[in-house]
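The values are calculated or read from the model by the stated rules, or taken from the named source; none is laboratory data. None of these values were measured; they are calculated from a predicted model. When we count neighbours, we look across all protein chains shown, and the Cβ atoms used for this are built from the backbone with ideal geometry, even at glycine. SASA here: full protein model, heavy atoms, side chains in, ligands and nucleic acids out. Shrake-Rupley method; radii C 1.70, N 1.55, O 1.52, S 1.80 Å.
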Amino acid sequence: MSYYDIDSILTDAEKIPCTFQVGIPDLGYLDNTPSQPLKAGTKVSLPLWLAEMLAIANTGDIEGKSFVAFDLPPALGNDVIQALKADPRAVPLRDQSAHFYGLATHMMELSEEQELGAVLRKTFVTRASEIALHARKVGGVGHKKEDASNLGIGGAGEEFLRGLDEWERRLFRQAHEGAKAGKQWMENIKRS
Amino acid sequence: MPMYGDQGNKLVQHAKRTQNLAHLPPYQTELVRGVTREVRDLDKDVASLLEPFQGSFDPSADQATACTLLVNHLSMRRNKRCLLAYHRTRTDKLEELAWAGSDVLDHAGQQPGGANNAALVDGGASSLSPQEEDYFRQFGDLLAACKGQWTDIDLTGSLEPPRDLFIDVRVLKDAGEIQTEYGAINLTKNSQFYVRQGDVERLVAQGYLQKLA
């Protein structure tokens, strides 16, 4: 998670639903009404980089109220979590968010969701083994497709692989390249 | 409705795409300018917001202003991060290309059509910003200085030991005359030569010649 990390920057651009707790005259543009003040209680969805700081900033209020209160984004909503509990492999995470895990870890830092961590861990472990399986398979069979840089593979796994989030994609690519390099090395050894 | 930080986000998406490419896509001059302009505007807003307070602003007394200031500040910070990340991704790529010995400044010139435009591209067709061209040139100089000081080892050379001293090459584009131990060779397009590998390694890396198996 470096300052320059592109994926982490893109994760920070994911939007989460927020509710303003304080009325602010100058911020009407956040709710698409630049000419009007932003009333307390307005719901807007803000990118993570804005919402995070607004939610934890100290307003100087005696009750310790912050500028905004936030909810979990729909990507981490109840139905998604239930679906993940049922079968992690059946959920295309990418449709929820391209940076699903990044978003989730961020949200877990901000809120106290006990269950979420456990569900996510199980999700990742289950999916990771599936990813590894696909990565090996692709390297073994499709000789011609090796030069296709991305996930250009047909067959049964396609549906699943399309649903990988950014992190999982990287995992897949690395597993795939690892298997390929290993194979290449073995072949070279035999030849020389 | 566009929001602060949206343009920065576009830049980062460009950077993301750049990471997976072999070459360097054109520099997003317009976007970069847009983002910097946004930062300047935000800074002006902050200055005008703070003006009536004469330097004695108390955040807890005026929460609404405090929040506006915070949002402005965060937007600027976000834009800064986007800008830095975008440029860093590109310079990383440039360094990589410099190590690989490819001539980026040259590459820019031979987009479809003008294959012989080997001279430095002045404006227009180049995919680098002027600063990036400078960076690339100076980085190349640094690499060359590293090589020259101690040994005549070519740091950017291939780590694979050559199988043969001589190789067959085909000329892909005119490269003019080169001097070798065995006299001068005139490299004209589509001709074939049997030459010493060391003499032409550079030209192969730069894409003038193609090695024949």
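Odds and ends about this structure:
- All positions within region B:23-32 that are touching a residue at least 12 places away in the same chain (Cβ under 8 Å) and out of contact with any Phe, Trp or Tyr (no Cβ under 8 Å at 6 or more places or on another chain): B:His23, B:Leu24, B:Pro25, B:Pro26, B:Tyr27, B:Thr29, B:Leu31
- B:Arg90, sole failed condition from (1) surrounded by 19 or more Cβ atoms within 10 Å (Cβ to Cβ); (2) more than 13 Å from every other protein chain (Cβ to nearest Cβ); (3) among the basic types (Lys, Arg): (2)
- For B:Lys80, the conditions (1) surrounded by fewer than 19 Cβ atoms within 10 Å (Cβ to Cβ); (2) away from every other protein chain (no Cβ under 13 Å) are fulfilled apart from (2).
- Residues in region A:10-28 that are assigned to a helix (DSSP H, G or I), in contact (Cβ under 8 Å) with a residue 12 or more places away in the chain and more than 9 Å from chain B (Cβ to nearest Cβ): A:Thr11 only.
- Summed over region B:48-77, residues that are within 21 Å of B:Gly5 (Cβ to Cβ) and either open to solvent by 60 Å² or more (accessible area, probe 1.4 Å) or not in a helix (DSSP H, G or I) (or both) total 3.
- Failed condition for A:Val125, given (1) at pLDDT 90 or above; (2) over 12 Å from the mean Cα position of the chain (by Cα); (3) crowded, with 16+ Cβ neighbours inside 10 Å: (3)
- Which numbered condition A:Leu72 misses (of (1) away from every other protein chain (no Cβ under 14 Å); (2) outside any loop (DSSP other than H, G, I, E, B)): (2)
- Single match in A:Asp7, A:Asp95, A:Asp31 (criterion: under 18 Å from A:Asp165 (Cα atoms), within 14 Å of chain B (Cβ to nearest Cβ), acidic (Asp, Glu) and in contact (Cβ under 8 Å) with a residue 12 or more places away in the chain): A:Asp7
- Just so you know, in region B:23-50 the residues that are more than 14 Å from chain A (Cβ to nearest Cβ) and of a type in the set (S, T, N, Q) include one that is nearest to B:Arg81 (Cα to Cα), and it is B:Thr36.
- Restricting region A:59-85 to residues that are acidic (Asp, Glu) and at pLDDT below 85, the residue that is most open to solvent (accessible area, probe 1.4 Å): A:Glu63
- Conditions (1) open to solvent by 100 Å² or more (accessible area, probe 1.4 Å); (2) at pLDDT 80 or above; number of the one not met by A:Arg191: (2)
- Within region B:8-22, residues that are facing chain A (nearest Cβ under 9 Å) sit with their Cβ atoms under 9 Å from residues that are at pLDDT 90 or above and open to solvent by 80 Å² or more (accessible area, probe 1.4 Å), at 6+ positions apart or across chains, in these pairs: B:Gly8/B:Lys80; B:Ala15/B:Arg88.
- Region A:34-58 - residue that is open to solvent by less than 20 Å² (accessible area, probe 1.4 Å) and farther than 23 Å from B:Ala61 by Cα and, of those, nearest to the other protein chains (Cβ to nearest Cβ): A:Pro47
- Listing of strands (runs of 3 or more DSSP E) fully contained in region B:97-213 that carry 1 or more residues being of a type in the set (S, T, N, Q), touching an Asp or Glu at 6+ places or on another chain (Cβ under 6 Å) and modelled with pLDDT of 80 or more: B:183-187
- Listed by first and then second residue, the pairs linking a residue in region A:163-176 that is more than 17 Å from A:Val125 (Cβ to Cβ) and assigned by TED's automatic domain parsing to the domain that holds A:Ala135 to a residue that is among the hydrophobic types (A, V, I, L, M, F, W, C) and open to solvent by less than 10 Å² (accessible area, probe 1.4 Å), with Cβ atoms under 7 Å apart and 6 or more places separating them unless they lie on different chains, are A:His176/A:Ala135.
- In region A:8-24 there is at least one residue matching the filter, namely being open to solvent by less than 10 Å² (accessible area, probe 1.4 Å), under 26 Å from B:Ser60 (Cβ atoms) and over 19 Å from the mean Cα position of the chain (by Cα).
- Number of positions in region B:51-71 that are under 19 Å from A:Gly28 (Cα atoms) and more than 9 Å from chain A (Cβ to nearest Cβ): 2
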